[in-house]
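Contents: one structure, followed by commentary.
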Amino acid sequence: MSSGVKAELWSEDELIQKLDQLKLVSERLDVAPNVREDWTRKAQQRANEYLASLPDRKVLSGNDEAETETEEAVRSVLPIKEEPVSFDAALESFCTSVGDHMLMREGHPGYFAYVPGNSLYPAAIGDFLAAAFNPYALVDYACPAAVQMQHSLIRWVARLFGYPETCAGNLTSGGTGANLIAMATARDAKKLKAKDYHRCVIYMSELTHDGIAKVLHTIGMGEAVIRKIPVTERFEMDAEKLEEAIEIDKKEDLIPFVIAATAGTTDVGSVDPVAELADVAERHGVWLHVDACYGGFFVLCDSVKHLFKGVERADSFTCDPHKGLFVAFGTGIVMVRYWKHLLSSNRRALASYLQDRHTCAGQLNPEDLTFEQSTHFRAVRVWLPLQVFGVGTFRAALQEKVYLSRYLYHKLKAVPGLAVLEPQLSIVLFRYEDVPAGQHARDVTEFNLRLLGEVCRDGRVFIASTTVLGKVYLRACVLAFRTHREHVDTLVSALRNGLKQLLD
């Protein structure tokens, strides 16, 4: 049988000659120690220069600048070619295209627009170490310490929420990946079949993140019924309305499948009454999932810890270290109450090429608790900052953000004409409503969107707008670890100046 490789026609001497020639080129990939040190030093220097300059840069490029910035960024990205360029040239291309032409700067102290993706420096070092050592971190027979590091993080998160020892969890690429695993596990634990998907009902509030609907489609349950449950005046899912909806659906021969609660909605930061929802779930045999991707790590704060009561009763929950623990994008956590559910949903027959592997008795391997099989060693970027700063530092930082949101709330309440929603966690919504009598709601909306542009105009602060129950609000999320009281004062000053520009 022909292998399709012409080398089989060569003599052994010819093959050796070819191999020697190829080795001379492929050896470039094994960089010499002195070159590694040089490249690392230069990259570290450019990273430090960027971080030092970050507070003085614009957090947001204006509309007039964005088009030019985009064109320059695209031009400065080096194309892929057959022959190499110098490391200095490649590094310069990266720093120019990405560092100098970023339109939104995550981690900037004036970044209030969205739930920010921070990047603690030890987390970046952790990513470097993980990539340099590059263990296969999903099985204990490859690197037991890597598996233990991940398990220690999962156990720590479980303790934070009072989750039982029967639980298991995994690190994921983020909230969407974590919610995907949770929904797939719920589907399999309920032993649902494709023929029943169109009868399955998922209950969520009007403020539930759209990622839940996205993952339902991804796991093949796009036909399932999504039932939107009204929220209370505090923007929390109404437990009574939920139970009424479940009872009606059961009479209609539908299958109540999942209650998707949220502990920290993306729009408002509200926390659903999880304990009440857990009561409903238990009465009707419905899987309770809690999306705590944004809000989860506020459980560290004594002032708001009570809001998370009931999460320990959930069948699954998710939280994002790349939000509440300030690490780089690409880090989520999924937790499932019973490890057997997570295991049975993800473990498959052992591939023949792995028949020689061995594992520690009684040890759950991360690869058996996820759909992924080749992943970055994510645990280091979370573990290393927790080690060098200690949990207490994160508790203080998150408590500061909670208090900063209260500070912002009181500052905005003092601005005439502003309607401000009281925050539960660290998101503050507000809108200007003092429009002349007789003007329509669309005029209020238009004014607030113009106000948004004025606030963000000079690039010192960046906020966003959102629509909640039909009303447009301006929205400030206080979660960048570099954000402190002086930056909130800058936001308030920019808002007052913007109002002055529009009203004078």
### Query
Among 129-139, 86-96, 161-171, what's the highest-first ranking by average C-beta atoms within 10 angstrom per residue?
161-171, 129-139, 86-96
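Tell me which GluC sites (Glu not before Pro) from the stretch 216-300 have a DSSP coil assignment and no more than 15 other beta carbons within 10 Å of their own. Could the numbers behind the result be given before it?
Details: sites: Glu223, Glu233, Glu236, Glu240, Glu243, Glu244, Glu247, Glu252, Glu276, Glu282; in loops: Glu223, Glu233, Glu236, Glu252.
Of the GluC sites (Glu not before Pro), the ones in loops of the stretch 216-300 whose Cβ has at most 15 other Cβ atoms within 10 Å are Glu223, Glu233, Glu252.
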### Message
Test of understanding: given the chain, find the longest segment containing no trypsin sites (Lys or Arg not before Pro) that are in a DSSP loop and have at most 10 other Cβ atoms within 10 Å.
### Response
349-504
### Task
Using 0.36 nm per residue of separation minus the Cα-Cα distance, give me the extension gain between Glu37 and Glu92 in nm, one decimal.
18.1 nm
## Note on the structure
Those helices of the chain passing the 24 Å axial Cα length cut-off and the mean Kyte-Doolittle cut-off of 0.0 (DSSP H runs only) are 144-161
### Query
Once every DSSP H run of n ≥ 4 in the chain is given -39500 (n - 2.57) and the sum is divided by its residues, what mean residue ellipticity at 222 nm do you get, rounded to the nearest 500 deg cm²/dmol?
-13500 deg cm²/dmol
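With a ≥ b ≥ c the root eigenvalues of the C-alpha gyration tensor of the stretch 186-285, is it rounded (a/c under 1.5), prolate (a/b larger than b/c) or oblate?
Working: a/c = 1.99, a/b = 1.36, b/c = 1.46.
Taking the square roots of the gyration eigenvalues as a ≥ b ≥ c, the stretch 186-285 is oblate.
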## Note on the structure
dims of the stretch 392-503, Cα set, principal axes, largest to smallest, nearest Å -> 53, 30, 21
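Rounded to whole Å and ordered largest first, report the semi-axes of the equivalent ellipsoid of the stretch 24-139 derived from its Cα gyration tensor (root of 5λ). Could you put the intermediate results ahead of the total?
Details: eigenvalues 171, 86, 35 Å².
Semi-axes (√(5λ), whole Å): 29, 21, 13.
By the scheme Lys and Arg +1, Asp and Glu -1, what is the net charge of all other residues having a beta-carbon under 15 Å from that of Gly332?
Working: positive: Lys214, Lys323, Arg378, Arg381; negative: Asp291, Asp320, Glu372.
Around Gly332, the surrounding residues sum to +1.
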### Query
Which entry in [x] 93, 58, 43; [y] 87, 57, 47; [z] 82, 66, 54 is this structure's computed Cα extents along the principal axes in Å?
[x]
### Query
Distance in nm between label sites at Glu454 and Glu206, each 7 Å beyond Cα in the beta-carbon direction?
2.9 nm
### Task
Work out how far the C-alpha atoms of the stretch 128-389 reach from end to end along every principal axis, then list the three figures in whole Å, largest first.
54, 45, 28
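So, counting K/R as plus one and D/E as minus one, what does the shell of residues with Cβ under 14 Å around Gly162 add up to? List each step's numbers first, then the result.
On the way: positive: Arg155, Arg159, Lys305, Lys309, Arg313, Arg337; negative: Glu165, Glu312.
Result for the neighbourhood of Gly162: +4.
Read-outs: derived from the displayed coordinates by stated rules, not from any lab. Just so it is clear, the structure is predicted and the values come from calculations on it, not from any experiment. Every residue, glycine among them, receives a Cβ derived from its backbone with ideal geometry; neighbour counts consider all protein chains shown.
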